[in-house]
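As structure tokens, the structure follows; a few thoughts come after it.
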Amino acid sequence: MIPLEIIPASIRMATPLTLAALGGVFSERSGVVNIALEGILLNGAFAAVVATHFSGNPWVGVLAAVLVGLLTALIHAVVTVTFKADHIVSGVAVNLLALGATQFTCWVVYGNSGNSDRVLGLSPWNIPYVEQVPILGQILSGHSPLVYVAIFLVLLAHFLLFRTVFGLRLRAVGEHPLAADTMGVKVILMRYCGVLISGVLAGLGGAFLSLNTHYFVKNMSGGRGFIALAAMIFGKWTPFGAAGACLLFGFLEALQMFLQGGGVPTQFIQMIPYLATMVVLASAVGRATPPAAVGRPYLKEAD
Amino acid sequence: MKEKGGKGTFLILEILSPAVAFLLALAMGAVLILSLAENPLHVYNVMFRGGLGSIDGLGYVFFSATPLILTGLAVAFAFRAGLFNIGGEGQLYMGAFFCAWIGFTFPSMPSTLMVPLCILFAALGGAIWGLVPGVLKARFGVHEVINTIMLNFVAMLTTNFLVNHVYKEPGQMIPQTKEIATTAWIPRMAPLLQRLHIQLPTSNPLNYSLLLALMIAALAWLLLFKTRLGYEIRAVGLSHKAAEYGGIKVGATMVLSMVISGSMAGLVGVNEVLGYRHRFLDGFSTGLGFTGIAVALLGRNHPLGVVLAAVLFGILNTGALEVDIFTDIPRELVMVLQAVIIICVVVGDQVFRRWVSRRLPLQPHAGFFH
């Protein structure tokens, strides 16, 4: 029998995934494949802990994570959009850079490259009145503020992408950059926007990861950037779809905690999200259509 | 469409671009070192002296280059087929475990049978781990990048389970399997080199797996550039549609490329298990599969380039240990350098290409391996 706590735990586990997946939606809708999400999550997680360590205020940590996420995404944007290099190679390089840079800096700050000291986390928000409702309160109230921020951002992302001129332009450069360019949309600028927004969102996701556990541990993103990408594909490149898929993956991750100690070796339980990602992807591809120009650099002279 | 002048320019591009990228990465590393109030010249001096300053150091360079030749080849080979295999890490764990399993399960097997069988199983372990993303790509069109990454985690967890719960050496705290039979050991190169008056200390771990890695590099070159299969693989890498129109089975070629790529990464187990540790140690790889990506890119996805790049990274890795001990800079500096090298290579490549295409009537390339 799986207890009720699995629902709030799923929501918690889904939060960093959702933020990264939203980032993926913005980036890929603008035409840039972003497997650098993994590295952005990692850099964000580390920045949050270090900034909290020095300031004593976890909100400063959140701000630092967002800034560092933005800067990490900027590297990916410069390499892919300005220099038109292969998106996946660039993403892999950014991920390796994040892996090396966080361990390097962790050594500089804490004297070992494996983990940080403990820091303060964000204090949970209790929603007035709702928290007193028996089951609902247990599920919805008492989460980290970033959980509510993430929920708000899903709604905002949907509104931005599908109800504003900005969103229309962003999607246009991802579908048919030449046509968008002809209509006067600045392709390069919109793609920068898409990638940088993904940096902000994934950076925020990283902050949640490390502030929630109060530590930075090396490579703590643990493939979540890639799982988020799978969720984005499963969610057909839409904010609601991606968030829904992230809830599924969050549930699987939460399931691990409740299955542990139940006789099944922990290694097999820990495999569940990774294997589920593969299964979900194999079933999603073919039914989901990516933005038409995703992964292709925009070369005016070549078209 | 290749003119004579064009070929010369291309050769410059192929050599100059990685060289500039490497120097640029060192320059950026220097800024990082300066920010920690250390002297970059001193740190780089320590780093390069570590690998190049003695015969012992050189032995370590080639020992460290051995697995990188294999993972670099694995990435480069898949690249040629238009596939990005970032699952080298998982493939080498499976290969190493398969290899060790033969080694400690059949202790009475004669050496002449044992060593080849262990090598075969190392390749097999990697091949299986390459087969899965290959099939998923060919049959369902799932991009291999996410699947190979996911399989890295699955391989690490699987071997972690096998080592800790099934094959753990009794009475040991260290998560490792029992020792493989001595008949499976691949000897070190020091005795031979000493007879040739190269004074490599007997303690140096350099072993004959290096020759295996070089042989695989030569085979990869032959396969890619001198056989029909290699031609088909490169055709698929350039254009699926054109290859299919030319009668090449695109799906099967992709799967086969991933299997060959995975088996190359799996052979890392030979150096680690048969040549060095003589057992499977949980989590032994320090990102060898990922470093292979940098090796392949720096080596222009060409077997000879991969070997040279692997030796260069061997120098960096060997130097990193010295830097760790003798300066106030952590060895993780090398990890940062590797990533910066990749970025510089891909950016440099695009810049050079544009420069070339402005002077020659060539099509600008859309992507790195397209």
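The values are calculated or read from the model by the stated rules, or taken from the named source; none is laboratory data. Because the structure is a prediction, the values reported are computed rather than measured. A quick note on method: Cβ atoms are made from the backbone with ideal geometry, for glycine too, and the neighbour counts reach across all protein chains shown. Note: accessible area is taken over every heavy atom of the protein model, side chains too, but ligands, DNA and RNA are not part of it. Shrake-Rupley method; radii C 1.70, N 1.55, O 1.52, S 1.80 Å.
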Average other protein chain Cβ within 10 Å of Cβ, residues B:153-161: 5
Prolate/oblate/rounded label for segment A:1-118 (Cα gyration tensor, a/c 1.5): oblate
For the protein assembly as shown, Kirkwood radius (reciprocal of mean inverse C-alpha pair distance, Å): 25.9 Å
List of segment A:262-292 residues, accessible area with partners at least 10 Å² below that of the chain alone (1.4 Å probe): A:PRO265, A:GLN267, A:PHE268, A:GLN270, A:MET271, A:TYR274, A:LEU275, A:THR277, A:MET278, A:LEU281, A:ALA282, A:VAL285
Rounded to whole Å, sorted largest first: equivalent-ellipsoid semi-axes of segment B:1-128, Cα gyration tensor: 37, 26, 15
Amide proton proximity set for B:ILE186, modelled H, under 5 Å, gap of 5+: B:GLY275
Long-range HN-HN contacts of A:SER113 with modeled amide H, under 5 Å: none
Hz values of 3J(HN,Hα) by residue in segment B:155-164 - Karplus curve (6.51, -1.76, 1.60), Gly and Pro given as x: 5, 5, 5, 5, 5, 4, 5, 4, 5, 7
Estimated [θ] at 222 nm from DSSP helical runs (n ≥ 4, -39500 (n - 2.57)) normalised by residues in the protein assembly as shown, nearest 500: -23500 deg cm²/dmol
Contact surface A-B: accessible area buried, both sides summed, square angstrom, 1.4 angstrom probe: 4000 Å²
Charge dipole (debye, nearest 20) of chain B; +1 at Cβ of Lys and Arg, -1 at Cβ of Asp and Glu: 1300 debye
Calculated log₁₀ intensity ratio I(q)/I(0) where the Debye formula runs over C-alpha points of chain B, q = 0.06 Å⁻¹: -0.24
1.4 Å probe accessible area per residue over chain A, in Å²: 39 Å²
Segment B:115-156 - accessible surface per residue (Å², probe 1.4 Å): 34 Å²
Whole-number percent relative contact order across chain B, with pairs defined as alpha carbons under 8 Å at least 6 apart: 34 percent
Rounded accessible area per residue of segment B:223-370, 1.4 Å, Å²: 39 Å²
Built amide H within the under 5 Å cut-off of A:ASN34, gap 5+: none
Percentage, to the nearest whole number, of Cα pairs in segment A:1-44 over 13 Å apart: 62 percent
All-pairs alpha carbon distance profile, segment B:63-284, 10 Å steps from 0, percent: 9, 32, 32, 19, 7, 1, 0
Alpha-carbon spread of chain A, three principal axes, descending order, Å: 59, 43, 40
Chain-alone versus full-assembly comparison, segment B:131-146, residues with accessible loss of at least 50 Å² (1.4 Å probe): B:VAL142, B:ILE146
Using θ = phi - 60° and Karplus 6.51 cos²θ - 1.76 cosθ + 1.60, couplings along segment B:108-125 (whole Hz; Gly, Pro as x): 8, 5, x, 4, 5, 9, 4, 4, x, 5, 4, 4, 4, 6, 4, 5, 5, x
Residues along segment A:61-101 losing 30 Å² or more of accessible surface when the other protein chains are present rather than the chain by itself (probe 1.4 Å): A:VAL79, A:PHE83, A:LYS84, A:ALA85, A:ASP86, A:ILE88, A:VAL89, A:VAL92, A:ALA93, A:LEU96, A:LEU97, A:GLY100
Peptide A:27-35, shielding by other chains (average Cβ, 10 Å cutoff): 1
Segment B:136-211: translational diffusion in µm²/s, Stokes-Einstein, Kirkwood Rh over Cα pairs, 25 °C, 0.890 mPa s: 148 µm²/s
Label-point gap, in nm, between B:GLU169 and A:LEU299 - each point 7 angstrom along Cα→Cβ: 5.5 nm
Backbone HN-Hα couplings from phi across segment A:135-148 [Karplus 6.51/-1.76/1.60, Hz, Gly and Pro as x]: 7, 4, x, 5, 7, 8, 9, x, 8, 4, x, 5, 4, 6
Protein accessible area in the protein assembly as shown, 1.4 Å probe - carbon and sulfur %: 68 percent
